[in-house]
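What follows is a set of notes on a single structure, which appears directly below.
Throughout, read-outs are computed from the coordinates displayed, never taken from laboratory work. Being a predicted model, the structure only gives us computed values, none of them experimental. Glycine gets a Cβ as well: all are built from the backbone with ideal geometry, and neighbour counts include every protein chain shown.
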Amino acid sequence: MKKTIENIFARPASPGMVGDGFRVYQYFPGARSFFPQKISPFLMLDFNAEIDFSPSDKVRGVGVHPHKGFETVTIAYKGSVAHADSTGNSGVIHPGDVQWMTAGSGILHKEHHEEAFSKKGGPFEMVQLWVNLPKKFKQTPAKYQAITDGDMGRAELAGNGGHVRVIAGDFNGVKGPAFTFTPINMFDIRLNKSGNLTTSIPASHNTAILVVNGDVEVNGLHAPEHSFVLFRNEGEEVAIKANENSVLLLLSGEPIKEPVASYGPFVMNTQEELLEAIQEFNTGKFGTLE
Ligand code: MN
């Protein structure tokens with residue numbers, strides 16, 4: 001049975017800045033207060049739709065800040081992001097790469113345009129997702145998965161229709177490398193004009209598609225560039241046909257049915273745990289990072 005579409009949302013009206021390096025449209029939660037139950041385990045989607053950054057000797061980005069209780073997933077489409085964190089990890093997320101950072105019990109990190117990109121300037125396009133952790137894993141040690149293009153599962157589509165890069169989960173038998181704490185599918189779908197695909201995702205998963213570029217039909221409905229397709233928990237089959245060369249991000253996951261208490265970069269289950277998290281941050285328990 002075809003998965004039922006709940007709604008196809010247009011891009012939010014106006015972007016906001018994260019530091020001075022990321023001009024993002026926040027698809028959720030933003031003003032869409034109904035999303036938490038329908039989109040769990042995903043907590044937030046910031047989409048830096050393509051924008052040209054002018055060459056700059058000052059590296060743009062966001063300085064040292066904490067996270068606790070969830071994971072951040074950064075997908076670079078155009079331009080490169082440099083990062084460093086209090087566990088000692090640092091690196092560069094190049095176009096086609098993904099950084100899956102588990103904040104878990106607490107981390108400090110910073111995110112900037114990579115220096116060479118900054119000096120040269122040019123098109124920049126990326127997504128950052130926040131993925132919740134269930135209560136039993138909120139205190140897991142902070143860690144980090146660097147997932148490069150070569151690490152990903154790759155499914156070629158019939159008839160030169162394009163390909164799917166599997167970041168997490170399983171696309172028609174092709175598995176993704178990301179370790180996830182709850183069942184999640186994350187697919188970077190690249191369709192050529194007139195290309196198409198069909199896949200099956202459990203009805204129990206909350207499921208959505210962001211049209212990063214291009215123009216597609218999803219289960220017979222038109223989803224234009226930058227739209228966001230949200231499915232109901234009915235049916236399994238997702239059929240996509242591309243009207244233009246298109247780049248899509250498909251997200252699905254088993255919802256975490258636990259209370260969410262969040263304050264800025266901390267996402268816990270109760271107010272008490274939030275206060276503890278803030279206390280831990282203020283007393284240096286997340287380590288140090290310059
Ligand atoms: Mn961050």
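Values computed for the structure shown
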read-out	value
Tally of residues being out of contact with any Leu (no Cβ under 6 Å at 6 or more places or on another chain), surrounded by 18 or more Cβ atoms within 10 Å (Cβ to Cβ), assigned to a strand (DSSP E or B) and not aromatic (Phe, Trp, Tyr) across region 27-51	5
Among the candidates 240, 209, residue that is within 17 Å of the chain's Cα centre (by Cα) and either within 16 Å of the ligand (Cβ to nearest atom) or of a type in the set (Val, Ile, Thr) (or both)	209
Members of region 52-68 that are under 15 Å from residue 80 (Cβ atoms), surrounded by 16 or more Cβ atoms within 10 Å (Cβ to Cβ) and in contact (Cβ under 8 Å) with a residue 60 or more places away in the chain	53
Failed criterion for residue 78 (all others in (1) away from the ligand (no atom under 14 Å from the Cβ); (2) touching a strand residue (DSSP E or B) at 6+ places or on another chain (Cβ under 8 Å); (3) over 22 Å from residue 165 (Cα atoms) hold)	(3)
Those residues of region 125-165 which are among the polar types (S, T, N, Q), in a loop (DSSP other than H, G, I, E, B) and within 24 Å of residue 48 (Cα to Cα), in sequence order	148
Where a residue in region 260-279 is closer than 21 Å to residue 109 by Cα and its partner, wherever it lies, is within 16 Å of the ligand (Cβ to nearest atom) and charged (D, E, K, R), with Cβ under 9 Å and at least six apart	265/68; 266/68; 267/68; 268/68; 277/68
Of residues in region 104-127 being surrounded by fewer than 20 Cβ atoms within 10 Å (Cβ to Cβ) and closer than 20 Å to residue 69 by Cα, the one farthest from the ligand (Cβ to nearest atom)	105
Inter-residue pairs, beta-carbon under 7 Å, first farther than 20 Å from residue 187 by Cα and in region 130-149, second among the aliphatic types (A, V, I, L, M) and assigned to a strand (DSSP E or B), 6+ apart	138/268; 142/107
Looking only at region 89-103, and only at residues there that are more than 17 Å from residue 282 (Cα to Cα) and part of a loop (DSSP other than H, G, I, E, B), the one that is nearest to the ligand (Cβ to nearest atom)	89
